[in-house]
1. Return the residues of the stretch 107-126 that are in contact (Cβ under 8 Å) with a residue 40 or more places away in the chain and open to solvent by 20 Å² or more (accessible area, probe 1.4 Å); say none if nothing qualifies.
2. Could you grab me the full set of residues in the stretch 202-236 that are among the polar types (S, T, N, Q) and within 15 Å of Ser46 (Cα to Cα)?
3. How many of the residues making up the stretch 300-324 are away from the ligand (no atom under 16 Å from the Cβ) and farther than 28 Å from Gly428 by Cα?
4. Looking at Ser221, is it closer than 26 Å to Val22 by Cβ and open to solvent by 40 Å² or more (accessible area, probe 1.4 Å)?
5. Hey, among the residues in the stretch 1-27 that are more than 20 Å from the chain's Cα centre (by Cα) and farther than 12 Å from Ile485 by Cα, which one's most open to solvent (accessible area, probe 1.4 Å)?
6. Kindly indicate whether Arg186 is farther than 30 Å from Gly28 by Cβ and basic (Lys, Arg).
7. Quick one: in the stretch 349-363, of everything that is in contact with a Leu (Cβ under 8 Å, 6 or more places away or on another chain) and surrounded by 23 or more Cβ atoms within 10 Å (Cβ to Cβ), which residue is nearest to Leu438 (Cα to Cα)?
8. Can you work out which of the residues in the stretch 275-306 that are among the aliphatic types (A, V, I, L, M), in a loop (DSSP other than H, G, I, E, B) and touching a strand residue (DSSP E or B) at 6+ places or on another chain (Cβ under 6 Å) is most open to solvent (accessible area, probe 1.4 Å)?
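The values are calculated or read from the model by the stated rules, or taken from the named source; none is laboratory data. All values derive from a computational prediction rather than experimental measurement. Note that each Cβ is placed from the backbone with ideal geometry, even for glycine, and that neighbours are counted across all protein chains shown. Accessible surface areas use protein heavy atoms only, side chains included; no ligands, DNA or RNA. Shrake-Rupley method; radii C 1.70, N 1.55, O 1.52, S 1.80 Å.
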Amino acid sequence: MEQNGRKIVIIGGGIAGLCAAVYALKCGYKVEVLEMHEMAGGLATSWRRGGYTFETCLHWLCGSKPGGEMHALWQEVFDIDKLTIVNAEEFVRIEDERGDSLRVYTNIDRLEAELLRRAPQDAATIRDFTRDVRHLGKFKMMDPSGGLSENWLNMLRDAPMLPLLNKLMKTSGAEYGKRFSDPLLRSFFGEGELGRLSAIAMVFSLAWMNAGNAGYPIGGSQAMIRLIEDKIASLGGKITFGAKVERILVEHGAAVGVELADGSTVMADWVISAADGHSTIYNLLGGKYLDPALSKAYDERELFPSYLQVSLGVALDLSEQPGAINRLLDSPLRVDPGTELDRVGFRFFHFDPTFAPAGKTAVTSFLPTANFGYWADLRKKSPAAYRDEKHRVAEAIIGVLERVIPGVRNAIEIVDVATPASVIRYTGNWKGSMEGWLIVPGGGFKPLPNTLPGLRKFMMAGQWVMPGGGLPSGPMTARPAIRAICKQDHVPFDLRAKDVEKPELVGV
Ligand SMILES: Cc1cc2nc3c(=O)[nH]c(=O)nc-3n(C[C@H](O)[C@H](O)[C@H](O)COP(=O)(O)OP(=O)(O)OC[C@H]3O[C@@H](n4cnc5c(N)ncnc54)[C@H](O)[C@@H]3O)c2cc1C
């Protein structure tokens with residue numbers, strides 16, 4: 001690779017930081033990624049306990065199917081075709097405590113038939129919904145770093161969908177669900193914490209799944225992270241672990257490097273922060289580079305909640321179970337002060353043989369909470385009470401699972417509980433948020449700026465500049481950041497590295 005003599009330091013080795021590294025290396029920059037944790041991935045992670053692997057992030061990977069725009073974007077940053085993708089038949093099974101259940105199939109024709117069979121009284125609304133999903137399946141993604149000239153064709157193709165997008169953007173999942181009279185169907189669209197999410201998120205997810213373009217890679221999120229790390233190594237980039245950035249160094253209005261927690265400094269021509277947005281702006285830069293619009297966003301915009309994850313190593317083959325269930329509870333489960341859940345989700349990872357020894361199954365349960373402060377304070381002030389609380393929640397979850405699979409309790413050999421305090425400790429995300437800015441009705445998808453007023457030679461990437469977050473926000477924010485840097489440096493934004501042909505981004 002021909003180097004252009006300039007260096008970029010990247011704060012954070014989550015998906016966005018790693019993608020930024022690949023783009024920068026391909027354009028000839030020298031790159032160092034500084035990651036405070038001992039491994040790459042950030043929220044895109046899993047952990048091992050006693051022979052089991054517990055995934056936290058990956059449910060679906062948009063762009064998993066060869067041929068589309070998102071797949072082409074992934075190909076720019078890693079060899080996605082080395083992943084083994086599984087496309088589930090059932091997205092989730094929703095069941096209540098009286099034995100009623102609804103199978104939410106990923107294939108929209110099958111889902112429509114199932115819904116019409118179950119709730120003929122909702123036929124018109126069901127057909128409306130499945131038509132929306134089919135329509136959005138035709139949506140063509142824009143080149144995130146391109147302007148009108150790169151995107152005009154896809155914009156033209158997407159134009160007829162604008163009224164639908166607008167309608168779904170303005171409706172929350174919970175409101176969308178209220179149109180159905182069937183209680184299980186209503187609940188699918190989410191009530192509680194995630195029911196505030198704009199309906200567009202769920203309808204888009206189903207559209208991608210119906211197209212077989214939102215599969216699960218065997219090995220989970222870390223399988224893809226390792227492939228991106230391989231790409232960085234092959235292009236000559238460097239990732240330093242255990243390197244917590246405390247301060248971004250600024251001279252004459254331009255970022256010139258960073259200072260680490262151990263007092264050492266790393267100097268560079270450009271600094272990219274792919275770490276949490278709030279700590280970047282308010283801590284690493286001392287709140288000096290802000291304008292009213294940005295302050296307002298950080299003061300007022302809604303966030304995805306934080307979460308607890310109860311992970312169980314079960315010495316049973318649970319392949320009779322669907323990959324995911326949502327159990328609607330007769331009486332709510334208390335997670336912490338202010339958080340009572342009327343449903344509990346379980347994921348049974350029998351579809352990933354790398355996650356448990358043969359005949360055993362890794363099971364996880366995700367519990368959203370906005371009360372991150374309770375868990376962070378408890379961990380700090382009273383480790384014993386923190387342990388007891390984790391134990392209480394784990395017991396409650398095992399109690400629900402026992403009602404789903406009678407006798408399972410006796411086969412549980414590993415119990416692990418992660419809390420919002422764990423999310424903050426391991427990823428630094430503000431308020432332990434799972435995905436950054438929530439897409440709420442009226443909030444819009446519009447990205448936040450990736451530069452800060454009054455600060456040159458600095459860029460941001462990741463879920464804190466792209467509302468809705470998700471793994472695609474990695475390449476979708478890293479690409480424009482590096483392209484803008486190249487433009488300012490008069491360096492061609494040419495991704496034709498020696499090992500890869502430039503993929504075609506325009507829709508197929
Ligand atoms: C439970 C859950 C389920 C999800 N499911 C999906 C899914 O199915 N599909 C999907 O596409 N997305 C999913 N997501 C969302 C996705 O994981 C995130 O949006 C994405 O990984 C965010 O990447 P990021 O690089 O922007 O940020 P992060 O992953 O937060 O990375 C930031 C990195 O910066 C590091 N860092 C922070 N501060 C510093 C510092 N001062 N110095 C050095 N390093 C620092 C952190 O350690 C971290 O590694 C899910 C997330 C969660 C939590």
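1. The answer is Asn107, Arg118, Gln121, Thr125.
2. Across the stretch 202-236, the qualifying residues are Ser221, Gln222.
3. Here the count works out to 9.
4. Spelling it out, it is not the case that Ser221 is closer than 26 Å to Val22 by Cβ and open to solvent by 40 Å² or more (accessible area, probe 1.4 Å).
5. Glu2
6. In short, yes.
7. If we take residues in the stretch 349-363 being in contact with a Leu (Cβ under 8 Å, 6 or more places away or on another chain) and surrounded by 23 or more Cβ atoms within 10 Å (Cβ to Cβ), then Val363 is nearest to Leu438 (Cα to Cα).
8. Ala275
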